[in-house]
1. Only one of (1) more than 24 Å from residue 221 (Cβ to Cβ); (2) surrounded by fewer than 17 Cβ atoms within 10 Å (Cβ to Cβ); (3) out of contact with any Pro (no Cβ under 9 Å at 6 or more places or on another chain) is not met by residue 70, so which one is it?
2. Residue under question is residue 117, and the condition is that it be part of a loop (DSSP other than H, G, I, E, B) and among the polar types (S, T, N, Q); does it hold?
3. Collect the residues in region 211-228 that are surrounded by fewer than 18 Cβ atoms within 10 Å (Cβ to Cβ), under 25 Å from residue 287 (Cα atoms) and not hydroxyl-bearing (Ser, Thr, Tyr), keeping them in residue-number order.
4. Among the listed residues 32, 12, identify the single one that is modelled with pLDDT of 95 or more and in a helix (DSSP H, G or I).
5. If you check 109, 105, 122, 96, which single one turns out to be more than 16 Å from residue 276 (Cα to Cα), in contact with a Cys (Cβ under 9 Å, 6 or more places away or on another chain), at pLDDT 95 or above and not assigned by TED's automatic domain parsing to the domain that holds residue 256?
6. Restricting to region 148-170, count the residues that are touching a strand residue (DSSP E or B) at 6+ places or on another chain (Cβ under 8 Å) and either of a type outside the set (Val, Ile, Thr) or without any contact (Cβ under 8 Å) to a residue 24 or more places away in the chain (or both).
7. Go through region 57-102 and give me each residue that's assigned to a loop (DSSP other than H, G, I, E, B), among the hydroxyl-bearing types (Ser, Thr, Tyr) and without any contact (Cβ under 8 Å) to a residue 60 or more places away in the chain.
8. Report yes if residue 91 is at pLDDT below 95, of a type in the set (A, V, I, L, M, F, W, C) and under 24 Å from residue 33 (Cα atoms), otherwise no.
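The values are calculated or read from the model by the stated rules, or taken from the named source; none is laboratory data. Bear in mind that the values here come from a model prediction, so they are computed numbers and not experimental data. Heads up, the Cβs are rebuilt from the backbone with ideal geometry, glycines too, and the neighbour counts pull from every protein chain shown.
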Amino acid sequence: MPRLSILAVVAALLCVGTASAQPLVQPDWLKAHLRDRGVVVLDIRPHDQTAGGHIPGAVPADYEKAGWRVKTPDGAGGALPPIEQIAATIAGFGVGDKDHPVIVGDDFGATARVYWTFKVLGHANVSILDGGWKRWSTGHYPVEAAAAPVRHAARFTPRYDGSIRAELPEVERTLADGKRTLIDARPPGQWEGTAKSPAVKAFGRLPHAVWIDQSDALTADGTALKPRAELVKLFGKAGAAPITTYCNTGHLAATDWFVLSEVLHHPDVRLYDASLSQWANDPSRPIVR
C-alpha cells in the first residue's frame, strides 16, 4: 500500500476514535449497544426509583443526591461543583476517559444538565437516551430489578471548557454591553414576576432577557424534545447573537442550552449554571419585574 494511503487510513482511524457521540440516542440504538465496551448507562432518577427497575447494567447516579450540583455560599442553588470534585464523582460511577456515558432519566432538564456537565469537563463522547426511562420501560425493552453490578472507579480526566459556561462576571458584562442574548427558560409566572422559586430571593428576571419556556420544547410528559421543525420555530426568537441561558439553578436552562447548542447547532451558547439563585442573592443586582 502506498505510504500516502497508509497515512490516510491512520488519520481516519484517529478521527473515529475521537468522534463525538450523537447527543440523542434512541432506545433501539441503546439496546443494540448495551453490552458494548465503554458504553455506561447512568440512571439519574431517584435511587428508590432505580431500585424498582432499571436498564440492565445501569449505574444509579441520582441527580439530586449524587453530587452533580452544589449549593455555594454566594446563593447558587445548583452550581457546577469544583472541577476536581465533580470529576471524582464521575470517576466513582466507573466512567473513564474513553467511555461513552448514556444519560437516562424522566426529566429532560436533569438529563440535559448532566450532559452539559460532561461537555463542560471536555468529555464529548456523551449522549441522552431520547424519551428517557419512560420510553424504554414502556417499549418492551429489557428491564431488571436486581442491583446493578458494581463498577470499579475509573480514571476520568477533566479538560475544562469554559466556552459553554457563563459565570457571574460575564453575565454582568452582558448586561453592560448587550453583546449576548439572555434567554430565560423558566415558567410564565416566574418570568412575569408573579411567582418565584424557593431557591431565588427575589421575584423577576434579568433585564433585557428573552423568554423561551423550556417546557415548550418538550413533549407533554417532559421526557423528550419536540420535532426539530417545532424547535426551529420556537427558538427563532433567540436570534443569531451569542446566547446565555439561565433559570433559577441551571436546571431548566439546560434544556434551552441543549436545544440551541446540540440540536440547532448555534455557534455560541453558554449556560449560566448558578443562575438567578446566585444573581438575586445580592439585592444591588438589577431584577426586572
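1. (3)
2. Values: part of a loop (DSSP other than H, G, I, E, B): no; among the polar types (S, T, N, Q): yes.
For residue 117, the condition - part of a loop (DSSP other than H, G, I, E, B) and among the polar types (S, T, N, Q) - is not met.
3. Answer for region 211-228, where residues must be surrounded by fewer than 18 Cβ atoms within 10 Å (Cβ to Cβ), under 25 Å from residue 287 (Cα atoms) and not hydroxyl-bearing (Ser, Thr, Tyr): 211, 216.
4. On the way: 12 fails: modelled with pLDDT of 95 or more.
Just one listed residue meets the conditions, 32.
5. Values: 105 fails: in contact with a Cys (Cβ under 9 Å, 6 or more places away or on another chain); 122 fails: in contact with a Cys (Cβ under 9 Å, 6 or more places away or on another chain); 96 fails: in contact with a Cys (Cβ under 9 Å, 6 or more places away or on another chain).
Criteria check complete, one pass: 109.
6. Filtering region 148-170 down to residues touching a strand residue (DSSP E or B) at 6+ places or on another chain (Cβ under 8 Å) leaves 148, 151, 163-166, 170.
If we keep only those that are either of a type outside the set (Val, Ile, Thr) or without any contact (Cβ under 8 Å) to a residue 24 or more places away in the chain (or both) as well, we get 148, 151, 163, 165-166, 170.
Residues meeting the conditions: 6.
7. Of everything in region 57-102, just one residue is assigned to a loop (DSSP other than H, G, I, E, B), among the hydroxyl-bearing types (Ser, Thr, Tyr) and without any contact (Cβ under 8 Å) to a residue 60 or more places away in the chain, namely 63.
8. Values: at pLDDT below 95: no; of a type in the set (A, V, I, L, M, F, W, C): yes; under 24 Å from residue 33 (Cα atoms): yes.
Spelling it out, it is not the case that residue 91 is at pLDDT below 95, of a type in the set (A, V, I, L, M, F, W, C) and under 24 Å from residue 33 (Cα atoms).
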